[in-house]
1. Can you show me the helix-derived [θ] at 222 nm for the chain, built from DSSP H runs with n ≥ 4 at -39,500 (n - 2.57) apiece and divided by the number of residues, rounded to the nearest 500.
2. Which percent, nearest 5, of DSSP beta bridges in the chain are antiparallel?
3. Can you send over the carbon and sulfur percentage of the accessible area for the stretch 140-272, probe radius 1.4 Å, protein chains only?
4. Considering Cα pairs under 8 angstrom that are at least six residues apart, work out the relative contact order of the chain and quote it in whole percent.
5. How would 197, 68, 19 rank on accessible area, largest to smallest, probe 1.4 Å?
6. Taking only C-alpha pairs under 8 Å that are 6+ residues apart, what is the relative contact order of the stretch 114-254 in percent?
7. Roughly how many Å² of residue 50 are accessible to a 1.4 Å probe, to the nearest 10?
8. If the cut-off is 23 Å between C-alpha atoms, which lysines fall inside it for residue 97, apart from same-chain ones fewer than 8 positions away?
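The values are calculated or read from the model by the stated rules, or taken from the named source; none is laboratory data. A quick note: this is a predicted structure, and the numbers were derived from the prediction, not measured. Backbone-built Cβ (ideal geometry, glycine too); neighbour counts: all protein chains shown. Quick note on the areas: whole protein, heavy atoms, side chains included, nothing else; ligands and nucleic acids left out. Shrake-Rupley method; radii C 1.70, N 1.55, O 1.52, S 1.80 Å.
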Amino acid sequence: MKVLVINCGSSSLKYQLIDSDTEEALATGLCERIGIDGRLVYQPAGAEKEKTDLAMPTHNEAIQFVLDALTNDKNGVIKSLDEVGAIGHRIVHGGEKFTKSVVITDDVIKAIEECNDLAPLHNPANLIGVRTCQKLMPGKPNVAVFDTAFHQTMPAKAYMYGLPYEYYEKYAVRRYGFHGTSHDFVSHVAAEMAGVDYKNSKIIVAHLGNGASISAVKNGECQDTSMGLTPLEGLVMGTRSGDIDPSIMEFIAGKEGLDIAGVMNVLNKKSGVQGLSQLSSDFRDLEEGANAGNEKAALAMDVFAYRVAKYIGSYVAALNGVDVIAFTAGIGENAPAIREKVLSYLGYLGITLNADENNRRGEDRLISTTDSKVKVFVISTNEELAICRQTVALV
Ligand code: ADP
């Protein structure tokens, strides 16, 4: 079956058409600047990327352009939309209502809307994608795959904050966690590569991208994860602060004359390694800077790696041991220096690094030595393929 995977944001939309039999992406791309001016990026597998400026006042036009590109005579990858069997949508927040992916019905849309409060920037945009696909491809099944669902197995001791209980009851304030599709996908691959039974294993996944989170997975169920009510908690990220003393907010607001929205903007967009280094949120720039003697760039990388190592250490406690650690996403997959720095704190676990494998580029691989007590892997995440698989399983 061919599955259209849609990740719809407020002014952009990423898509892939995947053949679920071969698990190959037939075409990938994105629409940018929806509601502003509009640009379509379309890349059929094995061919040149095509960028076209097209007026996209709403998501309706954007998705129509995607469908036209997929079916056009010149470089389309399908003859007609009849070939699309289903559409899989990334939905950011499923609250406590959704513990797994579901086929979208009117009731499901209502339930997702009830979670809008928890992700006011993301969920409404995700739903625009759903409604537009329903309109432009009537009768095709749409499936919702939630960023939060994988983490719903966390026990209350992991998801409750030390806050008045009524905030949980009245406003559903608790830890939810994000990147669930990736943690799910990568933990499965890690168990398979390690040759352990997923249902009888202790796995820590470090999803280190621009947004970054860690999860502790025991016997195939998430026990804890570093992001919280929102993706701001946990690791030091590209531009997000991660964990800080909450009192800093009041302190900075007073000193800088900021209101709560101003402080949140600093914590989300001007902090993390970008804020620390005053150079860049991208680890390629930080490495280059650090190698050229930029001390703040080197400090940002140290702070980042130290926080990751501390979280891994705490999750070893949460799991009472660990069999496998997996690094994934942009930094996890591509920054050997960061992996090495993180693992340098974990020698007490009996982890030894295979430097050649760590420094090599390429496919999913073991980067610990064969006698290391814990197996450490680099695994490329593929959230779109995971969404495709779950869509096929449900339709
Ligand atoms: P997201 O999906 O959260 O936007 P990604 O998982 O795509 O993020 O990761 C993007 C980040 O990965 C970049 O900001 C950069 O820091 C890092 N990255 C990508 N390639 C490399 C590389 N070759 N070396 C070091 N870091 C890299």
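1. Rounded to the nearest 500, it is -11500 deg cm²/dmol.
2. Numbers: 40 of 59 bridges.
Counting DSSP beta bridges with both partners in the chain, the antiparallel share is about 70 percent.
3. Values: 3070 of 5750 Å².
Answer for the stretch 140-272: carbon and sulfur cover 53 percent of the accessible area.
4. Relative contact order comes out at 14 percent.
5. Result of the area sort, largest leading: 197, 68, 19.
6. Once normalised by length, the contact order is 20 percent.
7. Accessible area of residue 50: about 60 Å².
8. Within the straight-line cut-off, residue 97 pairs with 110, 157, 170, 218.
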